[in-house]
Number of protein chains: 2
Amino acid sequence: MQTPRIVIVGAGFGGLQTAQSLANSGADVCLIDRHNYHTFVPLLYQVATSQLEPEYIAYPIRTIIRRFSGKRHQHKPKTRFLWAEVQRIDFKAQIVKTDRCAIAYDFLVLATGSKTQYLGVTGASEYAFPLRTLTEAVRLRNRILACLELASQESDPEIRQHLLTFTIVGGGATGVEIAGALIEMLRGKFRRDYPTLDLQQLRLIVIQSGDRLLAELPKKLGVYTYKRLTQLGVEVYLQTRVSQVTKESVHLQNHEIIPTATVIWTAGLEANSPQTPEEISTAKKGKFLVHPTLQLPEQPNVYAIGDLAYIEQNGKPLAGVAPVALQQGVTVARNIQQQLRGKSPKPFSYFNKGRLAIIGCYSGVGKIGNFAFTGFLPWVIWLGVHLVYLPGYRSRLLVLLTWLYTYLLGDRAVRLILPIY
Amino acid sequence: MQTPRIVIVGAGFGGLQTAQSLANSGADVCLIDRHNYHTFVPLLYQVATSQLEPEYIAYPIRTIIRRFSGKRHQHKPKTRFLWAEVQRIDFKAQIVKTDRCAIAYDFLVLATGSKTQYLGVTGASEYAFPLRTLTEAVRLRNRILACLELASQESDPEIRQHLLTFTIVGGGATGVEIAGALIEMLRGKFRRDYPTLDLQQLRLIVIQSGDRLLAELPKKLGVYTYKRLTQLGVEVYLQTRVSQVTKESVHLQNHEIIPTATVIWTAGLEANSPQTPEEISTAKKGKFLVHPTLQLPEQPNVYAIGDLAYIEQNGKPLAGVAPVALQQGVTVARNIQQQLRGKSPKPFSYFNKGRLAIIGCYSGVGKIGNFAFTGFLPWVIWLGVHLVYLPGYRSRLLVLLTWLYTYLLGDRAVRLILPIY
């Protein structure tokens with residue numbers, strides 16, 4: 001029998017885990033991504049808020065592959081990386097077409113993740129800053145620092161006020177984490193670099209459509225987060241919807257207009273689905289419906305995982321978080337090997353270890369099992385968990401050192417407005 | 001008497017040193033730069049060759065100012081930073097016009113440095129990669145890594161050969177340092193990330209117009225450098241001039257055509273002179289002629305330093321290196337204070353501590369006084385000197401750790417193709 005060819009599209013949490021779990025399967029594995037690095041998405045907001053350098057949370061895919069492939073395969077590697085953008089997938093011919101070449105597969109794993117969705121709000125895609133990729137994080141950091149520079153040399157108080165108003169749309173984990181990090185940055189030691197800046201004028205606003213923050217966590221945690229952010233000086237608008245974003249302002253559905261130079265968009269996302277000539281059954285947000293085994297209903301040799309896949313457990317859809325994608329990666333690798341042995345794939349079952357979010361220094365919220373807790377403990381667990389899951393010893397060391405610097409000194413290490421054209 | 005206003009244009013070595021030397025002068029100092037960071041130019045090539053992160057060699061100007069201003073001036077700082085691009089300088093009205101505002105001065109220090117000059121070679125500005133700014137260094141790094149990616153998935157040997165040919169125009173310190181760093185990177189542990197890459201096809205070419213490398217140093221050092229680079233596998237073309245750069249090749253004046261995907265331009269530079277309505281006497285490369293006191297001949301309250309200024313010592317023009325700019329910064333600060341006290345400015349005198357360049361791991365060349373030496377000693381002195389002059393303890397620690405990693409393990413830490421649009 002010929003060596004089976006497995007193609008994985010996307011090197012996020014799900015795709016990378018699949019590749020790792022298949023490393024010793026004997027199959028020829030090809031991992032495709034449009035970037036040559038894996039982005040550790042949960043820490044993106046720390047890049048945007050001048051805490052971490054972009055390189056600390058971006059890990060070169062080839063280096064990861066080399067490490068898990070081990071030395072045995074050094075001369076005849078079974079896992080290879082292809083830096084390319086997938087253009088179209090032909091299920092009938094079993095071919096993935098990229099901008100560089102076409103690749104035939106026996107099994108296909110789709111792990112293309114999600115992208116920002118602007119929920120039909122006029123002007124949002126033009127003027128709001130999304131935060132899903134490393135480039136977007138650096139761009140947002142540049143914008144925040146540029147606003148501080150411009151405000152500190154501006155004599156007109158109205159323009160200054162405008163430059164110093166930051167509006168975050170979305171009160172989920174990302175929105176809350178950015179808000180907390182940003183207010184601590186601007187009120188901390190960092191501001192000594194801007195002695196002429198009047199922070200009385202600083203406004204930081206979080207707009208949330210639901211009736212509480214962190215809607216996916218128990219109510220108690222949302223209430224705590226609201227209180228904590230408000231204490232820090234953040235204005236939280238609950239049950240408020242944005243109707244329009246312009247270059248200078250955010251319009252709310254209640255006709256209020258907030259003048260703001262910077263709008264950060266964390267409100268919506270949709271599946272980043274690859275193009276296919278065949279019809280694919282989708283759920284809301286364009287997610288691919290999959291069997292409990294994670295196979296596409298019409299294609300038994302094609303799997304979808306992570307943010308791309310829609311799957312329910314105990315009657316509720318699984319959230320688009322890293323642990324789901326990681327566990328699905330393991331399941332898919334096992335299921336493909338089952339199929340290769342002529343056996344049936346097994347259904348995926350998610351083991352929920354809990355959810356955590358941090359608000360600021362020494363303060364977070366978490367839910368592990370039925371236990372919901374707030375304050376220092378979830379904060380320190382959050383840091384520990386992210387440090388352990390971050391790929392690469394070098395990155396871990398650098399992130400740890402930077403966190404010590406950030407949290408012990410209350411300062412920010414990063415301040416560059418690095419030109420990204 | 002009113003507090004004198006001193007404006008410094010450019011926060012390179014010269015401008016920053018001037019600001020620091022004037023920190024306790026009692027004058028109002030305004031430092032203008034189009035970036036919010038100081039670039040440690042001598043290490044730019046290490047960013048381009050995947051050794052250092054861009055952030056390690058870029059230091060935020062506001063942080064530097066805060067540090068040397070000390071705590072006394074925290075509430076009423078005497079030195080301020082303006083992030084702006086200078087558009088025009090009006091000597092008669094004593095006003096610097098920027099894209100953000102206009103600033104009046106009593107004394108002006110011009111330290112705008114130099115920019116790449118393509119010596120009239122057709123196509124060079126379009127297709128060659130310069131290396132004068134941080135963005136250019138990251139762009140070159142992206143290009144080198146992208147060539148490796150594309151070559152490792154290319155089946156046509158001719159295209160592969162083309163992608164793996166890197167041509168460096170210019171055999172001065174920058175050209176030599178890039179060549180050595182690049183060949184060591186591609187032949188070192190780094191290449192294990194590209195198991196399918198055939199390094200037999202790698203070509204690294206240095207093109208030098210003169211009859212030896214490092215023309216500004218004693219002949220013996222150029223000969224050593226030639227031998228060392230050749231041993232490492234670099235092809236050095238001496239007494240060769242480039243007539244044209246195209247998207248796919250370099251044309252030489254002897255009609256030879258080298259097919260090459262990447263051309264790195266280190267051959268020429270010219271003064272980056274600010275626009276003025278008045279005529280200014282210039283020397284070659286557009287440099288401003290200055291009195292021995294560094295004043296412009298027609299403007300006793302305007303100084304020019306660093307790469308912008310043309311000045312001779314012992315009948316020979318001073319080279320455009322960091323120590324010259326640093327020492328001129330000290331002199332200018334002293335001369336302005338002399339003028340403020342009603343005394344005459346004193347002539348500048350350059351104390352040459354020596355010149356150093358490194359070729360690769362454990363190998364460099366240097367001239368200190370009349371003593372020219374090669375090998376390990378100048379290499380280790382080079383590292384030490386650059387570490388000491390690099391601003392910021394944090395950057396020093398990170399660079400030191402990275403160098404240990406790079407040189408002890410023979411690997412490269414950086415591998416990201418970070419999208420810069």
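The values are calculated or read from the model by the stated rules, or taken from the named source; none is laboratory data. All values reported here derive from a predicted model rather than from experimental measurement. Here Cβ is always computed from backbone atoms with ideal geometry, including for glycine, and neighbour counts include all displayed protein chains.
Applying the condition of being among the charged types (D, E, K, R) and touching a residue at least 60 places away in the same chain (Cβ under 8 Å) to the stretch A:242-276 and asking which residue is surrounded by the most Cβ atoms within 10 Å (Cβ to Cβ) yields A:GLU270. Consider the stretch B:146-190 and keep the residues that are in contact (Cβ under 8 Å) with a residue 40 or more places away in the chain and of a type in the set (Asp, Glu). The one that is surrounded by the most Cβ atoms within 10 Å (Cβ to Cβ) is B:GLU177. When you scan the stretch A:38-51, how many residues do you find that are touching a strand residue (DSSP E or B) at 6+ places or on another chain (Cβ under 8 Å) and surrounded by fewer than 24 Cβ atoms within 10 Å (Cβ to Cβ)? Within the stretch A:38-51, residues that are touching a strand residue (DSSP E or B) at 6+ places or on another chain (Cβ under 8 Å) and surrounded by fewer than 24 Cβ atoms within 10 Å (Cβ to Cβ) number 2. Within this structure, A:ASP33 passes the test of being in contact (Cβ under 8 Å) with a residue 24 or more places away in the chain, within 12 Å of chain B (Cβ to nearest Cβ) and acidic (Asp, Glu). Those helices (runs of 4 or more DSSP H) of the stretch A:5-106 in which 1 or more residues are closer than 30 Å to A:MET185 by Cα occupy A:13-21, A:44-48. The number of residues in the stretch B:146-167 that are of a type in the set (S, T, N, Q) and either over 25 Å from A:THR79 (Cα atoms) or more than 13 Å from every other protein chain (Cβ to nearest Cβ) (or both) comes to 3.
Once the stretch B:333-392 is narrowed to residues that are in contact (Cβ under 8 Å) with a residue 60 or more places away in the chain and among the hydroxyl-bearing types (Ser, Thr, Tyr), the residue that is nearest to B:ALA319 (Cα to Cα) is B:TYR389. Can you name the residue in the stretch B:52-76 that is within 7 Å of chain A (Cβ to nearest Cβ) and modelled with pLDDT of 85 or more and, of all such residues, is surrounded by the most Cβ atoms within 10 Å (Cβ to Cβ)? Selected residue: B:ALA58. For the stretch A:280-313, the tally of residues that are in a loop (DSSP other than H, G, I, E, B) and of a type in the set (A, V, I, L, M) stands at 6. Across the stretch B:329-351, the qualifying residues are those that are touching a Leu at 6+ places or on another chain (Cβ under 9 Å) and part of a loop (DSSP other than H, G, I, E, B), and the one among them that is nearest to B:GLN2 (Cα to Cα) is B:PRO345. Would the stretch B:10-25 turn up any residue that is surrounded by fewer than 23 Cβ atoms within 10 Å (Cβ to Cβ) and either more than 25 Å from B:ASP307 (Cβ to Cβ) or within 13 Å of chain A (Cβ to nearest Cβ) (or both)? For the stretch B:10-25, residues surrounded by fewer than 23 Cβ atoms within 10 Å (Cβ to Cβ) and either more than 25 Å from B:ASP307 (Cβ to Cβ) or within 13 Å of chain A (Cβ to nearest Cβ) (or both): present. Number of residues in the stretch B:282-298 that are polar (S, T, N, Q) and crowded, with 17+ Cβ neighbours inside 10 Å: the value is 2.
For A:GLN153, the conditions (1) touching a helix residue (DSSP H, G or I) at 6+ places or on another chain (Cβ under 9 Å); (2) among the polar types (S, T, N, Q); (3) at pLDDT below 95 all hold with the exception of (1). The condition of being of a type in the set (Val, Ile, Thr) and either closer than 17 Å to B:GLY364 by Cβ or away from every other protein chain (no Cβ under 13 Å) (or both) holds for only one of B:VAL414, B:VAL380, that being B:VAL380. Is it the case that B:LYS353 is at pLDDT 95 or above, among the charged types (D, E, K, R) and surrounded by fewer than 17 Cβ atoms within 10 Å (Cβ to Cβ)? Against the criterion (at pLDDT 95 or above, among the charged types (D, E, K, R) and surrounded by fewer than 17 Cβ atoms within 10 Å (Cβ to Cβ)), B:LYS353 does not qualify.
Among the residues of the stretch B:189-222 satisfying the criterion of being within 30 Å of A:PRO60 (Cβ to Cβ) and part of a helix (DSSP H, G or I), which is farthest from the other protein chains (Cβ to nearest Cβ)?
Looking at residues that are within 30 Å of A:PRO60 (Cβ to Cβ) and part of a helix (DSSP H, G or I), I get B:GLN201.
Of the listed requirements (1) closer than 26 Å to B:TYR224 by Cβ; (2) in a loop (DSSP other than H, G, I, E, B), B:GLY384 misses just one: (2).
Selection over the stretch A:393-410 of residues that are within 14 Å of chain B (Cβ to nearest Cβ), surrounded by fewer than 19 Cβ atoms within 10 Å (Cβ to Cβ) and either within 22 Å of the chain's Cα centre (by Cα) or outside any helix (DSSP H, G or I) (or both) gives a count of 6.
Exactly one residue among A:THR79, A:THR116 is polar (S, T, N, Q), buried (at least 19 other Cβ atoms within 10 Å of the Cβ) and within 14 Å of chain B (Cβ to nearest Cβ), and that residue is A:THR79. If only residues of the stretch A:130-145 that are in a helix (DSSP H, G or I) and at the interface with chain B (Cβ under 9 Å from one of its Cβ atoms) are counted, the one that is surrounded by the fewest Cβ atoms within 10 Å (Cβ to Cβ) is A:THR135. Condition check for B:THR196 on (1) surrounded by fewer than 18 Cβ atoms within 10 Å (Cβ to Cβ); (2) more than 23 Å from B:HIS251 (Cα to Cα); (3) within 22 Å of the chain's Cα centre (by Cα): one failure, at (3). Could we say that A:ALA93 is under 28 Å from A:PRO42 (Cα atoms), modelled with pLDDT of 95 or more and more than 13 Å from chain B (Cβ to nearest Cβ) here? No, not satisfied. Selection of the stretch B:356-381 for residues being part of a loop (DSSP other than H, G, I, E, B) and either hydrophobic (A, V, I, L, M, F, W, C) or buried (at least 17 other Cβ atoms within 10 Å of the Cβ) (or both) yields only B:CYS361. Among the residues of the stretch A:383-392, just one is more than 14 Å from chain B (Cβ to nearest Cβ), surrounded by 16 or more Cβ atoms within 10 Å (Cβ to Cβ) and either among the acidic types (Asp, Glu) or farther than 19 Å from A:SER50 by Cα (or both), namely A:VAL385.
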